[in-house]
1. Nearest 0.05, what FRET efficiency do Gln24 and Thr45 give at R0 = 22 Å with Cβ-Cβ as r?
2. Suppose each label sits 7 Å from its Cα in the direction of the beta carbon; what would the Asp34-Thr11 distance come out to in nanometres?
Amino acid sequence: MSPTEEMTEYTLSVTDVAKVLNVQPMTVRRWIQDGRLPARRLPGTKPYKVRPADVDALIAGSPVVPSLHPADETDKNTMDGNDLVQALLDGEDVDG
């Protein structure tokens, strides 16, 4: 994967992530600085960008960030992380 292709995966802003996780943008920036949430700065820009998959991993693996959509492994209607993040950004109801 080329660096340009890799950077296209980083689509969420700090504000987007904060909205999805229902936290303040400063909290997201702190997680980035602490290394808990991987992020990149696109060439020539200052704002951080985050991959939806990394937000999903933070939700799934963090005792601090509650799961927004507890998934029962037998439930065929659960969304994967990318779908959940996009649905939340689109303002959809994801409470099953």
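1. 0.55
2. It works out to 2.8 nm between the two label points.
Bear in mind these aren't lab numbers, they're just calculated from the coordinates by the rules spelled out. Quick caveat, the model's predicted, so the values are computed rather than measured. For neighbour counting, all protein chains shown are included, and Cβ atoms are generated from backbone atoms with ideal geometry for every residue, glycine included.
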